[in-house]
1. For residue 599, put the label point 7 Å out on the Cα→Cβ axis and report which residues of region 606-636 keep their amide N under 15 Å from it.
2. On a straight-distance basis, which lysines could pair with residue 135 in a cross-link, Cα separation under 24 angstrom, same-chain partners fewer than 8 positions away excluded?
3. Mind pulling the angle between the C-alpha long axis of helix 621-633 and the longest principal axis of the chain? Nearest 10 degrees, somewhere in 0 to 90.
4. Taking Cα atoms of region 175-261, Rg/Rh with Kirkwood Rh, to two decimals?
5. Give me the dipole magnitude in Debye, nearest 20, for region 38-165 about the Cα centre, with unit charges on the beta carbon: positive for Lys and Arg, negative for Asp and Glu.
6. For region 466-550, what does the accessible surface come to per residue with a 1.4 Å probe? Please give it in Å².
7. Taking the Cα atoms of region 310-455, what is the range of coordinates along each of the three principal axes, in descending order and whole Å?
8. With just the Cα atoms of region 480-553, tell me how far they stretch along each of the three principal axes, in Å, largest first.
Amino acid sequence: MSSISIALPDGSKREIASGSTIADLAASIGAGLAKAAIAGKLDGELVDLSTELKDDARVEIITEKSPEALTVIRHSAAHLMAQAVKELFPQAKVTIGPAIENGFYYDFDMDAPFTPEDLERIEARMAELAAANQKIERRVLSSSEAVSLFSGMGENYKVELINDLAAETVSVYSQGDFADLCRGPHLPSTSRIKAFKLLSIAGAYWRGDEKNRMLQRIYGTAFADKKELEAYLHRLEESKRRDHRRLGRELDLFSFSDEVGAGLVIWHPKGAMLRTILEDFERREHLKRGYDIVLGPQILKKELWQRSGHYENYRENMYFTEVDEQSYGIKPMNCLAHMMIYKSHLRSYRDLPLRYFELGTVHRHERAGVLHGLLRVRGFTQDDAHILCAPEQLDGEIKGVLKFVSDVMAIFGFEYEMELSTRPEKSIGDDAAWELATEALLSALKDTGRPYEINEGDGAFYGPKIDIKLKDALDRRWQCATIQCDFTLPERFDLQYVAADGEKKRPVMVHRVVLGAIERFIGVLIEHYAGNFPLWLSPVQAMLVTVTDNHIPYAQGVLEQLREAGIRVQGDFRNEKLSFKIREAQLQKVPYMLVIGDKEMESATVTPRFRDGKNLAAMKPEDFVAFVVEETKNFR
Ligand SMILES: [Zn+2]
Ligand SMILES: [Zn+2]
C-alpha cells in the first residue's frame with residue numbers, strides 16, 4: 001500500500017498508509033488523542049473521523065477543546081433529538097435541524113404542537129439513545145437512491161430537499177433506525193453526546209415562508225460536558241431574570257405602545273426619574289470638564305442635511321416633515337446645530353478648544369425586526385458632544401475624553417474594552433491629517449495603560465475612531481462610548497479659525513459620546529444591577545411604611561421632612577399587614593424601607609431596613625438624610 005504525507009498543525013509531517021481514516025491518524029499520534037477526537041479538519045474543511053485520507057493533505061484533529069467542536073456536538077444532538085421524536089411520534093415528519101449560535105433546533109411537521117411534557121419525554125429518550133452508544137454512519141447515495149430511501153419512509157420534506165439540491169450524490173447519516181439527509185460532519189457515536197437540554201417550542205414556517213405549512217420547532221442546546229451546560233443554563237436563567245423589558249414592566253419604569261409607534265419609549269414616573277438622575281449627573285460631569293451645554297432644534301431644513309451629506313448617505317434612516325412647502329429633516333444626529341453655533345462668531349485660536357455638549361434627542365428609522373426593548377429604539381437621547389479644536393490640540397482632547405470614560409465607568413462598576421479603527425481604503429482628508437488624528441487616538445489609548453485592539457482599515461471614510469464596549473455583570477459586551485475624528489464636516493461647513501500667525505485654518509471636529517444613548521444605557525444598567533439600583537440611582541430611595549393608622553400623622557411629617565431635604569421618598573400608609581407592605585417595597589427594589597411604629601413615633605426616629613432585610617439602628621430623620629446624602633455623593 002502506498003503511503004501519504006500528512007501535515008499537522010504543529011508543522012510536523014506524518015507518513016501513513018493511503019486509505020487510513022482520520023481516526024487512524026489520531027490513533028497513530030497517541031491513544032489520548034484518539035480518545036478525545038470527535039472530528040477532523042481536512043485541508044481546512046470539517047469532516048468525519050471516518051473520512052479516508054487518500055492524498056497528501058493538511059489535517060487537524062478536532063477534539064472537544066477545539067473551537068469547532070460545539071457545532072459538531074450540537075448538530076449531532078439535533079439528529080439525536082429527531083431520532084427520539086420519530087420513535088415517540090412516528091407520525092412526525094422531519095424537515096431540517098441545524099446547529100445555531102447557542103445550541104440547535106429541529107423543525108417537525110406535526111398536527112399538534114409539542115407540550116412541555118413532550119419535551120421531557122423526548123429528552124429522556126435522547127438520554128437512552130445516547131447511552132445505547134449507536135454508531136453514527138455516513139453513506140453516500142445517488143440522488144435517486146436517496147429519494148427512494150426517504151419516500152419509502154414517508155419523509156416528503158427530505159425528498160423535496162434532495163430534488164432541490166439537484167446533485168448527483170448526497171450524503172446520509174444513520175444511527176439505529178434513524179437516517180437523515182445531511183452534509184455532516186457528526187460525532188462517531190451517540191454516546192459522545194454527553195450534555196444536552198431541550199429548551200423551548202416554537203412555530204416556524206417551512207423554509208421561513210408564511211405561505212407554507214407551519215412546523216413545530218424544538219430548540220435545545222448541547223455542550224462538551226455537563227459543567228459547561230450547567231454554566232450556560234445558569235447564565236440563561238440569569239439573563240431572563242435580569243431582562244430589562246420584564247423588569248421595566250415590573251418596576252413600572254417604561255412601556256412601548258403600538259398606538260404610539262414601535263421603538264418609541266414612554267417613560268413612566270420612576271423611569272423618567274431614573275433618566276433625570278442620569279441626565280443631571282451628565283450635566284454636572286460635563287460642566288466639571290470644561291464643556292458648554294448647548295441645545296439645537298429638533299427639525300432642521302432639508303438643505304442643511306444636503307450640505308452635511310446626511311441627505312445623500314443617511315436619508316433612508318431619517319424622518320422628514322413638510323410645512324409651508326419647506327421640507328425639514330428630524331435630526332438623526334446633533335452635529336449640525338453645533339457647527340452653526342461655531343460659525344456664529346469669527347473664531348480665534350485663543351477660543352479653542354470649544355466643547356459643545358447636548359443631551360440630544362434624535363430619531364433614526366431602524367427596521368422593525370431589529371428593535372429590542374430599550375437596547376434598540378427609534379427615538380433616543382445621546383450624551384453627545386462635539387469638540388472643535390486646532391489639530392495640535394487633538395492629542396490632549398482625546399486623552400481628556402478617555403479619562404472621562406474611565407471615571408464614569410468606574411462609578412457604574414463597568415470594565416470595558418477599547419478598539420481603534422484606522423483609515424479605510426476609501427477616505428477623504430489628506431495623509432497628514434489622518435496621521436495626526438490616528439496618532440492622537442493611539443497615543444491616548446497607550447496613555448490609559450489598558451489593553452486595546454486595532455481594526456486596521458475599519459474607520460469611517462471621514463476619520464479614525466475609538467469604540468468602547470463595556471462588560472456587564474453577565475460578561476456581555478455593550479457598545480457605549482465612541483470617539484470619532486472628523487475632517488469632512490468642518491470642510492463642508494467651511495469652519496475656520498484665525499491661527500496665531502493670522503492665517504485662517506480649519507479646526508478638527510471630534511464627535512463623542514460617553515454613555516451613548518441614555519435609553520440603551522438604562523437598559524444595560526437595569527440588567528447589570530438586576531433592577532437593584534444603587535441608592536444614588538434609585539428612583540425611589542426610601543419607602544415609609546406605617547404599622548397602623550395611628551402612625552400616619554407622624555409618618556406624614558417625616559415624609560415631608562425627607563422630601564424637603566431632597567430624598568426621593570414615598571409612603572405606604574395603606575391599612576395592610578406590615579409584612580405585606582414590606583414585601584411589596586422589596587419587590588419594587590426600593591433600597592430602604594422606613595418602618596414607623598410606636599417605638600419610632602415615641603422617640604421621633606425612623607428604623608431603616610435595607611431591601612435585603614438588614615436593619616440599621618433607629619435614627620432621627622435628619623440623620624437618615626445625612627446618610628443618604630453621603631452615600632449619594634459617593635455614587636453608592
Ligand atoms: Zn444533519
Ligand atoms: Zn456628531
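1. Those under the cut-off are 606-610, 614-620.
2. Partners within reach: 35, 41, 54, 65, 86, 93, 158, 194, 197, 226.
3. 60 degrees
4. Details: Rg = 19.3 Å, Rh = 17.3 Å.
Over the Cα atoms of region 175-261, Rg/Rh equals 1.12.
5. Values: 13 positive and 24 negative charges, 50 e Å.
With only Lys, Arg, Asp and Glu charged at Cβ, the dipole is about 240 debye.
6. Details: 2520 Å² over 85 residues.
On a per-residue basis, 30 Å².
7. 52, 43, 35
8. 78, 29, 18 Å, listed from the longest principal axis down.
The values are calculated or read from the model by the stated rules, or taken from the named source; none is laboratory data. Predicted model only: the values in this text are computed from it and were never measured. In this analysis, Cβ positions are derived from the backbone assuming ideal geometry, glycine residues included, and neighbour counts consider all displayed protein chains. Just so you know, the surface numbers come from the protein's heavy atoms only, side chains and all, with ligands and any DNA or RNA stripped out. Shrake-Rupley method; radii C 1.70, N 1.55, O 1.52, S 1.80 Å.
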